[in-house]
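One structure is given here, and the rest of the page talks about it.
The values are calculated or read from the model by the stated rules, or taken from the named source; none is laboratory data. Keep in mind it's a predicted model, so treat the numbers as computed, not measured. Cβ atoms come from the backbone with ideal geometry, glycine included; neighbour counts cover every protein chain shown.
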Amino acid sequence: MQRGNVSLTNLQMLNAILYVAEHGCKWRGLPKGFGRWHTIYMRMNRWAKNGVLDRVFEQLQLEQIVRIRIEAFSLDSTSVKVHPDGTGALKKGSSEEIVGGLRLG
């Protein structure tokens, strides 16, 4: 059973999801021609939680319609935290001195 506004077909949804994946843009960056970004995001999120996306992409790959390969991923400070000792900051009362980018002491 479909929920809410179903003005987007499943094909339009897949095209929007693939656009975000291919271009690496944020959901808010979807061109207006795809429809409301929030509507697309909410349906995609629901599909992901229910396993629909996994089944769709498995079938598309089996039929050789799409080929999905993860080539790169990125991490930033919101997903990886550095221990304070790993930042390279000098400790209070340290006798070390930094000269020309090199730590002496």
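Among the candidates R43, R67, R3, single out the residue that is modelled with pLDDT of 65 or more and loosely packed, with under 10 Cβ neighbours inside 10 Å. Step through it out loud before you land on a result.
Working: R43 fails: loosely packed, with under 10 Cβ neighbours inside 10 Å; R3 fails: modelled with pLDDT of 65 or more.
The conditions single out R67.
Identify, please: which residue in the stretch 9-41 is in a loop (DSSP other than H, G, I, E, B) and not polar (S, T, N, Q) and is, among those, nearest to R67 (Cα to Cα)? It would help to see each step written out before you state the result.
Taking the stretch 9-41 and keeping what is in a loop (DSSP other than H, G, I, E, B), we get 9, 24-26, 30-31, 35-36.
Imposing the further condition that a residue be not polar (S, T, N, Q) reduces the set to 24-26, 30-31, 35-36.
Details: G24: 17, C25: 20, K26: 22, L30: 22, P31: 24, G35: 25, R36: 27 Å.
Among residues in the stretch 9-41 that are in a loop (DSSP other than H, G, I, E, B) and not polar (S, T, N, Q), the one nearest to R67 (Cα to Cα) is G24.
From the list L8, L14, L30, pick out the single residue that is at pLDDT below 90, of a type outside the set (S, T, Y) and surrounded by 13 or more Cβ atoms within 10 Å (Cβ to Cβ). Let's see the steps before the verdict.
On the way: L14 fails: at pLDDT below 90; L30 fails: at pLDDT below 90.
Residue meeting the stated conditions: L8.
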